[in-house]
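J.: Submitted below is the structure of interest, expressed as structure tokens.
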Amino acid sequence: MLIIDSARPRLNQETIKLLRKKSVVVAVIPAGFTMYLQVLDVSIFSVFKRHYRVYWGNSDHSFENSCCY
């Protein structure tokens with residue numbers, strides 16, 4: 001899944017088509033919606049990010065050595 005905002009440079013239709021052919025779900029955040037997502041970033045996503053960093057930082061599975069970065 002790729003989540004992008006609706007800024008013009010990020011909405012290249014050819015790129016989006018290519019990603020969809022590769023089975024990547026492309027989600028576009030509508031204009032004016034960012035203020036709602038910032039609340040999620042602080043309250044929900046920050047917890048996820050913290051756990052993610054602890055897991056990857058304290059194991060042999062570093063993100064840089066992953067096949068899918």
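The values are calculated or read from the model by the stated rules, or taken from the named source; none is laboratory data. Keep in mind it's a predicted model, so treat the numbers as computed, not measured. Cβ: placed from backbone, ideal geometry, glycine included. Neighbour counts: every protein chain shown. Heavy atoms of the whole protein, side chains included, go into the accessibility calculation; ligands, DNA and RNA do not. Shrake-Rupley method; radii C 1.70, N 1.55, O 1.52, S 1.80 Å.
J.: Among the residues of segment 39-69 satisfying the criterion of being open to solvent by 80 Å² or more (accessible area, probe 1.4 Å) and among the aromatic types (Phe, Trp, Tyr), which is modelled with the lowest pLDDT?
T.: Tyr69
J.: Could you list all residues from segment 1-58 that are among the aliphatic types (A, V, I, L, M) and in a strand (DSSP E or B)?
T.: First, the residues of segment 1-58 that are among the aliphatic types (A, V, I, L, M): 1-4, 7, 11, 16, 18-19, 24-29, 31, 35, 37, 39-40, 42, 44, 47, 54.
Result: Leu2, Ile3, Ile4, Val26, Ala27, Val28, Ile29.
J.: Does segment 1-38 hold any residues that are among the β-branched types (Val, Ile, Thr) and either touching a Gly at 6+ places or on another chain (Cβ under 8 Å) or surrounded by fewer than 10 Cβ atoms within 10 Å (Cβ to Cβ) (or both), and which are they? Even if it seems obvious, please write down each step before you answer.
T.: Step one: of segment 1-38, the residues among the β-branched types (Val, Ile, Thr) are 3-4, 15-16, 24-26, 28-29, 34.
Within segment 1-38, just Val25 meets the criteria.
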